[in-house]
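What follows is one structure encoded as structure tokens, with my remarks underneath.
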Amino acid sequence: MIQTTTDDFDWTLPSKDYRDPALFERERREIFAKNWMLFSWSGRLREPGDYVTGALAGYPVFAMRDDEGRVRAFHNVCRHRGAQLLSEPSGHCGKLLVCPYHSWSYTRVGRLNKAVDFGSDTSFDPEAWGLYALDAEEWRGLVFVRIKRGGPGLVEWLGPIHGMAADYPLEHQHFFMSKDRDCAVDWKTYGENYLECYHCRTMHPGLCAAMDIDNYRIETYQREKFFHLHAPRRAGGLTRGLYFYRFPVLMLNLYDWGSSIATIEPLGPGRIRHMNWYFFTDVSPEKAEENRKSAEWSAQIVSEDLAIITGVQRNLNVGVYERGPLSPKHEGAVKAFQDMVREEFGARGPVRSFAAE
Ligand code: FES
Ligand SMILES: [Fe+2]
């Protein structure tokens, strides 16, 4: 039963909000397709014609560097009969991108070059049959794509993060390794776990050994839709760090010597792909072991989180647990995260559930 009394604490969302297929479709269209999403990093798109394929908000897409050096992004679909144009995870397309089905060709800016052998009397306006373009921008060596075109530029969308991260040397860091994991958890289950450290003492012994958990706090920037996580190192630690969660699913952990960058591709209601990339300033062979240990240390914390929230999601799915109270001391950012979902849906005032009754 949903409680409606005026409590002096906030509540989790009702369990159906973490598993409802209709709500997931709405989130896909109104949240994931409308926001800038982290897609790749610039090091994978060095030369004109280099491309990377993937999925964003469920849409197959690709990004490619054009002849002017600009990154462009397109739906990975041919305008003729809808074939997937590129099937490798990454590669180089040559001067023209040729569809593997009937060989229509497109330029690196997405214009139709030729509908080969189509029929003598038909001339196509290349503008009318170009690829479906998406918004694409680079920031500090990272490539972002937005499915629904228009809206704030990437720097504006990042807001204060852009200035706060200015003296961290992101573009001088090199890719070291990545870790992708498909998990049976909803993206909101994941986000809400990330945004509280109430569980840190019970769940993350390694994190507690390295961080001064008593002084962990999360600052919410409600209007700019991001969280600044303050996780001070224990006394004697030498590294400064900057930790952000930009709604809906961008996670940036920045250090002078490297960074751990993560995002989520929503695969369905209660299903995500968690993608984590590790970059280091020094990726020389002598440093490889140290870098690997550092990446694995951080991946271990994610594994601990995914293990517990997979169990949470299982319980959200079965319909015994309905909703629970949020700690006023530790879970304010969880409530703020829910409010960001509300704002994206254009809801005014409190909404007790996003899923249809
Ligand atoms: S579907 Fe691409 S050329 Fe026919
Ligand atoms: Fe955690």
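The values are calculated or read from the model by the stated rules, or taken from the named source; none is laboratory data. If you're wondering where the values come from, they're calculated on a predicted model, not measured in any experiment. We place every Cβ from the backbone using ideal geometry, glycine too, and count neighbours over all the protein chains shown.
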| query | Does region 336-356 contain any residue that is aromatic (Phe, Trp, Tyr) and farther than 20 Å from residue 33 by Cβ? | reply | no
| message | Quick test for you: out of 79, 72, pick the one residue that is within 16 Å of ligand 1 (Cβ to nearest atom) and either touching a residue at least 40 places away in the same chain (Cβ under 8 Å) or on the phi > 0 side of the Ramachandran plot (or both). | response | 79
| Among the residues of region 208-250, which ones are touching a residue at least 60 places away in the same chain (Cβ under 8 Å) and in a loop (DSSP other than H, G, I, E, B)? | 222, 224, 225, 247, 248, 249
| query | Among 253, 317, 276, which is the only one that is closer than 26 Å to residue 10 by Cα and polar (S, T, N, Q)? | reply | 317
| said: Let me confirm something: among 309, 264, 301, which residue is part of a strand (DSSP E or B), of a type outside the set (S, T, N, Q) and within 23 Å of residue 199 (Cβ to Cβ)? | reply: 264
| query | Do we find that residue 143 is touching a His at 6+ places or on another chain (Cβ under 6 Å), more than 16 Å from ligand 2 (Cβ to nearest atom), touching a residue at least 12 places away in the same chain (Cβ under 8 Å) and closer than 30 Å to residue 241 by Cβ in this structure? | reply | no
| query | Quick check, is residue 121 more than 16 Å from ligand 1 (Cβ to nearest atom), modelled with pLDDT of 95 or more and either acidic (Asp, Glu) or not in a loop (DSSP other than H, G, I, E, B) (or both)? | reply | no
| Filter region 110-142 for residues that are hydrophobic (A, V, I, L, M, F, W, C) and over 20 Å from residue 56 (Cα atoms); which is surrounded by the fewest Cβ atoms within 10 Å (Cβ to Cβ)? | 128
| request: Select, from 134, 86, the only residue that is within 16 Å of ligand 1 (Cβ to nearest atom), of a type in the set (A, V, I, L, M, F, W, C) and touching a residue at least 24 places away in the same chain (Cβ under 8 Å). | output: 86
| request: Collect the residues in region 251-295 that are over 22 Å from residue 181 (Cβ atoms) and among the small types (Gly, Ala, Ser), keeping them in residue-number order. | output: 284, 288
| message | Give me the residue from region 53-69 that is surrounded by fewer than 22 Cβ atoms within 10 Å (Cβ to Cβ) and either more than 19 Å from residue 273 (Cβ to Cβ) or charged (D, E, K, R) (or both) and, out of that set, farthest from ligand 1 (Cβ to nearest atom). | response | 69
| task | Scan (1) surrounded by fewer than 15 Cβ atoms within 10 Å (Cβ to Cβ); (2) over 18 Å from the mean Cα position of the chain (by Cα); (3) not assigned by TED's automatic domain parsing to the domain that holds residue 267 for the single condition residue 50 breaks and write down its number. | result | (1)
